[in-house]
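A quick write-up on the structure given underneath.
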Amino acid sequence: MYIQGLILGKGEIITDGRVLSAMARHNFIKYPIDKGHPYVDEENRPRNFMYKKQEYRIEYFSGCFYPFVTIE
């Protein structure tokens, strides 16, 4: 769903901080943004990326200022 340029997510949110930290070390995302939450910052990187032979997507969910990483 698109609302004025935002994509409202529908995928499964990745909440494991170890996985998100590994993705950040590989420069796919910036993490952590807010301690205790799985928010990320894409910083003008592509919204879709492959990590360990799995496709992930950076998506916004309603009511959140920062996006999440979701699995397709």
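The values are calculated or read from the model by the stated rules, or taken from the named source; none is laboratory data. Keep in mind that this is a model prediction, so the values were computed, not measured. Don't worry about glycine lacking a Cβ; one is built from the backbone with ideal geometry, like all the others, and counts go over all protein chains shown.
In segment 50-64, how many residues are modelled with pLDDT under 85 and not polar (S, T, N, Q)?
Adding up the residues that qualify gives 3.
Every residue in segment 20-42 that is out of contact with any Asp or Glu (no Cβ under 7 Å at 6 or more places or on another chain) and either closer than 18 Å to PHE61 by Cα or in contact (Cβ under 8 Å) with a residue 60 or more places away in the chain (or both), please.
LEU20, TYR31, PRO32, ASP34, GLY36, HIS37, PRO38, TYR39, VAL40, ASP41, GLU42
Of all the residues that make up segment 50-71, how many are over 12 Å from MET23 (Cβ atoms), over 9 Å from the mean Cα position of the chain (by Cα) and surrounded by 10 or more Cβ atoms within 10 Å (Cβ to Cβ)?
3
Take segment 4-33 and flag every residue that is outside any loop (DSSP other than H, G, I, E, B), modelled with pLDDT under 90 and surrounded by 15 or more Cβ atoms within 10 Å (Cβ to Cβ).
The one that is outside any loop (DSSP other than H, G, I, E, B), modelled with pLDDT under 90 and surrounded by 15 or more Cβ atoms within 10 Å (Cβ to Cβ): ILE7.
Residues in segment 34-49: is at least one surrounded by 14 or more Cβ atoms within 10 Å (Cβ to Cβ), assigned to a helix (DSSP H, G or I) and modelled with pLDDT of 90 or more?
no
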